[in-house]
Every structure is written in structure tokens, then in C-alpha cells.
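Only the coordinates and a few stated rules stand behind these numbers; no lab work does. Just so it is clear, the structure is predicted and the values come from calculations on it, not from any experiment. For neighbour counting, all protein chains shown are included, and Cβ atoms are generated from backbone atoms with ideal geometry for every residue, glycine included.
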Amino acid sequence: MSLTSSADAADGKSEKPMSLMWGCELSSQQDFHTFQTLEEWPCQQQLALWTISLGEAARDEFHVVEMVPVEEGDARAPVPLATLKPSVLPTATLVGVELTPPVTFRLRAGSGPVYISGQFLTMIPDLSWEEEEEEEEEEEDAEEEEPAEESPTGQAARKGSAAKKRRLEKEDELRNNVSPEDPLPSKGRGAAWGKKAAAKQ
């Protein structure tokens, strides 16, 4: 059985099916029962009948259960659903009997008790999609607040530039500390030969 909601397509909200067990008792004291729809409920509602059974206190006589029009003055004739007798047929199984409320059941003949069981089906709003959307929004906000992590390549480049900067600063410091009058240190073989020549003289 499939249920659809007329408001589902209009507002775009997600819905999920809901099922509830349902039952009623018919007897000589209360020979009818009306299953009403939920007022102002936007979704379709259905009643699927399962069984009609006689109670253990039922007399050995025919019990006739029928469905009658709900509105007064309706020209439609009542529809018999089951004819039961304890010694012959105490229970009737109804398969595929799906009714749209409101529906009225009546014990046309017999004193009962007669028990009608079934399943009430409808649709309810699915709030899980709203929770998922809220979680996604919270995750997006957290990602925006957290700074972007620097890649390993960027970290290495940043360290290399800092080391180069320190080396250049040391060289500038050495240049500033050397006086123009201080002789520059000699390098190479020329300086060694010059010292030897001075020693011989």
C-alpha cells in the first residue's frame, strides 16, 4: 500500500509512513463503531482490515458485520463484510480490504462480541532531513572558522627563506663591524711567498 501527501509536492518536505494497530468491538450493547480521520491532517490516511473474529462468549448464531455509509441520507447500501458463526466460521480473514476513513462498521445480526482488527496507515513529517541539514551547516561554519592548514611544501619554503634572511643579516653585520682601515686578510699563495721574502731580507 502506498500513501501520498498532497502537501508533499507543494512544500518539498520529506515524509515517512507510519502504521498503528487498530481494533474495535461490536456487541448488542454497542453495535456500531466509526473510525474517524485525524482532523486537519494533510496526508492521506487508510485503514487496512486484517480479521473479524467472534469472542469466546458469542452465542452459536449468525453474526453479520457490515460497513455502512457515514453520512446520513447517503443512498449507498450497506456492504456486508463477514457472516460468522462459532460452530462454522468463528474468524474471517480480510486480505486487500483497504478503506479510506471515515468508515462505520455495524453488527447487523447477532449479539456478539465481534472483534475487528486492522492497521491504520498514514504519513508523518520526516524530521531527520532537517537534522542532517543543521549538521551540515554546523560543519561548514566550523570549516570557515578554522584556518587553512599549510602544506609541507609551503612550510619548507618558509623555513628556507628565514634561514637565508638570517645568513644575509650576519654578513651585513660582519661588513659593518670591519673598519675601512683594517687590512683585509690575505688569501692564497701570494701572501705566503711575501712573508718568506720579508724574512730573508
Mind ordering 107-120, 76-89 by average Cβ neighbours within 10 Å, highest first?
107-120, 76-89
Just to verify a number: FRET efficiency for I124 and T34, C-beta to C-beta distance, R0 = 25 Å, to 0.05?
0.60
Given H placed on each backbone N at 1.01 Å, which residues far from F32 in sequence or on other chains put an amide H within less than 5 Å of it?
S27, L107
Describe numerically, in nm with one decimal, the distance between label points set 7 Å from Cα along Cα→Cβ at E61 and at E139.
6.8
Built amide H within the under 5 Å cut-off of T37, gap 5+:
none
Out of residues 5 or more away from V97 or on other chains, whose amide H comes under 5 Å of its own, with H placed 1.01 Å from N in the peptide plane?
L49
